[in-house]
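The values are calculated or read from the model by the stated rules, or taken from the named source; none is laboratory data. These figures come from a predicted structure and were not determined experimentally. In case anyone asks, the SASA skips ligands and DNA or RNA and just uses the protein heavy atoms, side chains included. Shrake-Rupley method; radii C 1.70, N 1.55, O 1.52, S 1.80 Å.
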Amino acid sequence: IRQAVEGGETRYVDWVIPGILGMNMMFSALYGVGYTIVRYRKNGVLKRLKATPVTAFEFLTAQVFSRLLLIQLIFVIVFASCSWLVDFKMRGSYALLFGFFSLGSLCMISLSVVIAARISNEEFAEGLLNVLSWPMMFLSGVWFSLEGASPVVRKIAQVLPLTHIVDGARAIMIDGAGAAAIMPQVGLLAILTVVFLALGSVLFRWN
C-alpha cells in the first residue's frame, strides 16, 4: 500500500552538530581528568593526599564533578557559538539536551578515571587515551552515518559510549525526542558511569 510521507529536509550541518558537541565533550572529559590525575601521581601530590582522611572514592568523585562543571560551561559556550555561526535547527528541549550531555560527560569522565587509576607515566596515559578517543571519533557516527557499514563495525560502534551519546543528542536536536524516547541511551550511560567509577575506585592507587 502506497502512502504519502511528508517531512522536512535535514541539512548535513544539523546532523553533524550533535556529533561535534559530543566529540568536544569526549576530549574535554578524557584528558581533563585522566591526564591530571596521572600528573598528580607523578608529581607526588597524590602521595601527600594519602596521609589525609580523604578516601580514594571521595577524591575521584571530587575530580569527576569539578570537571563536570567545567565541561557544562564549555558545552553551553560551544553550543551557543555553533548556533550563532551556522544557525542549526534545535527541535527538542534545551534542558533535556543539557541534562543528557551532562550524563554523557559523567560517563566519559568516569572512563578516564579507570585509565588513570594506576598509571604514573604521562606519555603512556596519553597513548591509552588516544587509543580510546580516536576509535570513538571515527566509529561513533560523529562525521558520517554507519548505516552502510559492515555488521562488525556497527557492533563495535555499539560498545563505544560516544555512539549512544551522539544518537541520543541527535534524537533530541533533530527529531525533537522527549525523555521517554532516549531512555535506552540514558539507562546504558548511567550503568556505564556507575561501573567505571566503581572500577576506578577499586583500582586506584595513591603511589
Inset, instruction - Return one number: the angle in degrees, 0 to 90 and rounded to the nearest 10, between the long axis of the Cα atoms of helix 12-29 and the longest principal axis of the Cα atoms of the chain. - result: 10
Legend entry - Rounded tilt (10° steps) of 122-139 against the dominant C-alpha axis of the chain: 10
Legend entry - Rule-of-thumb Rg ratio for the stretch 100-168 [Cα; 2.2 N^0.38 Å; N residues]: 1.22
Legend entry - Probe 1.4 Å, protein heavy atoms only - accessible area per residue of the stretch 94-207 in square angstrom: 46
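Under the rule of -39500 (n - 2.57) per DSSP H run of 4 or more residues, summed and divided by the residues of the chain, what mean residue ellipticity at 222 nm is obtained, to the nearest 500 deg cm²/dmol? Walk me through the numbers on the way to the answer.
Numbers: 9 runs with 146 residues, N = 207.
Mean residue ellipticity, 222 nm, calculated: -23500 deg cm²/dmol.
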Legend entry - Nearest 10 degrees, 0 to 90: helix 161-173 Cα axis against the chain principal axis: 40
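Taking 8 Å as the Cα distance limit and 6 or more residues as the minimum spacing, I'd like the relative contact order of the chain as a percentage.
On the way: 239 pairs, mean separation 76.1, N = 207.
Dividing the mean separation by the residue count of the chain yields 37 percent.
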Inset, instruction - Enter the Cα centre distance for the pair the stretch 128-195 and the stretch 33-94, rounded to the nearest angstrom. - result: 20
Inset, instruction - State, in angstrom, two size descriptors of the chain derived from its alpha carbons: Rg to one decimal place and Dmax to the nearest whole number. - result: 18.6, 74
Legend entry - Proximal lysines relative to K42, as straight alpha-carbon distance under 20 Å, when same-chain residues fewer than 8 apart are discounted: K50
Legend entry - Amide H contacts under 5 Å for G178, placed H, 5+ residues apart: none
